[in-house]
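A short worksheet on the structure shown next.
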Amino acid sequence: MSRGFPCALLVTAALLAGVERNVALAGDEAGGSGRLRGSHRFDKDGWTYVHIEGPPERLGYQHGYLLTAEINDFLRVLKPYLEKSTKRDWNFYRPAAEMMLWIGIDPEYQREIDGIVEGLIAKGVKADRWDLVAISPSTIPSISR
């Protein structure tokens, strides 16, 4: 699996939300135990820029923490969109992500996805790995074509 999955998630979430904020983070902010060290985000000319660094778990945590609003908004919009456009609700996509897609994701990226979930949870978003895998471009008809 290429680096494309986590990057596609990052780009998709950032583009769809359009939330303007500037965030600079220190090492142990929000109980991150240093997982935010070296990461930051900023908005410029309508674009959101995110810098993340470290091993997969830390990359994921930073990704989830810094883009919480965008990922949460994307999930909020995507669920009814898919139900209307495919006639399948979110309870179809989550098990499909688990049974069909997870096994094909490299273990390094699985750890990164789990880190994204931890970052989201740290900011109060209720999501899990199946929600994130289900929003991959391969499950969304208009993105995968």
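The values are calculated or read from the model by the stated rules, or taken from the named source; none is laboratory data. These figures come from a predicted structure and were not determined experimentally. Please note: Cβ atoms are built from the backbone with ideal geometry, for glycine as well, and neighbour counts cover all protein chains shown.
Go through the residues of segment 75-88 one by one and say whether even a single one is closer than 23 Å to Arg35 by Cβ and surrounded by fewer than 20 Cβ atoms within 10 Å (Cβ to Cβ). Can you show your working first?
Here is the first cut: in segment 75-88, the ones closer than 23 Å to Arg35 by Cβ are 75.
Still in the list and also surrounded by fewer than 20 Cβ atoms within 10 Å (Cβ to Cβ): 75.
For segment 75-88, residues closer than 23 Å to Arg35 by Cβ and surrounded by fewer than 20 Cβ atoms within 10 Å (Cβ to Cβ): present.
One residue stands out among those in segment 89-110 that are in contact (Cβ under 8 Å) with a residue 60 or more places away in the chain and in a loop (DSSP other than H, G, I, E, B): the one that is surrounded by the fewest Cβ atoms within 10 Å (Cβ to Cβ), which is Asp106. When each of Ile143, Ile113 is tested for being at pLDDT 95 or above and in a helix (DSSP H, G or I), the lone residue that passes is Ile113.
Within segment 38-74, the set of residues being surrounded by fewer than 21 Cβ atoms within 10 Å (Cβ to Cβ), farther than 18 Å from Val117 by Cα and in contact with an Asp or Glu (Cβ under 9 Å, 6 or more places away or on another chain) comprises Gly38, Asp43, Gly46, Tyr49.
Identify all residues within segment 109-140 that are among the aliphatic types (A, V, I, L, M) and more than 20 Å from Gly54 (Cα to Cα); write none if there are none. Those that are among the aliphatic types (A, V, I, L, M) and more than 20 Å from Gly54 (Cα to Cα): Val125, Ala127, Leu132, Val133, Ala134, Ile135, Ile140. Out of curiosity, is Gly38 part of a helix (DSSP H, G or I) and either out of contact with any strand residue (DSSP E or B) (no Cβ under 6 Å at 6 or more places or on another chain) or at negative phi (or both)? Here the answer is no, as Gly38 does not meet what is asked. Pairs are defined by a Cβ separation below 7 Å, a sequence spacing of at least 6 or placement on different chains, a first member in segment 125-138 that is buried (at least 17 other Cβ atoms within 10 Å of the Cβ) and modelled with pLDDT of 95 or more, and a second member that is part of a helix (DSSP H, G or I) and among the acidic types (Asp, Glu); the pairs so defined are Arg129/Asp114; Trp130/Glu98.
Against the numbered list (1) touching a Gly at 6+ places or on another chain (Cβ under 9 Å); (2) at pLDDT below 95, Tyr61 comes up short only at (2).
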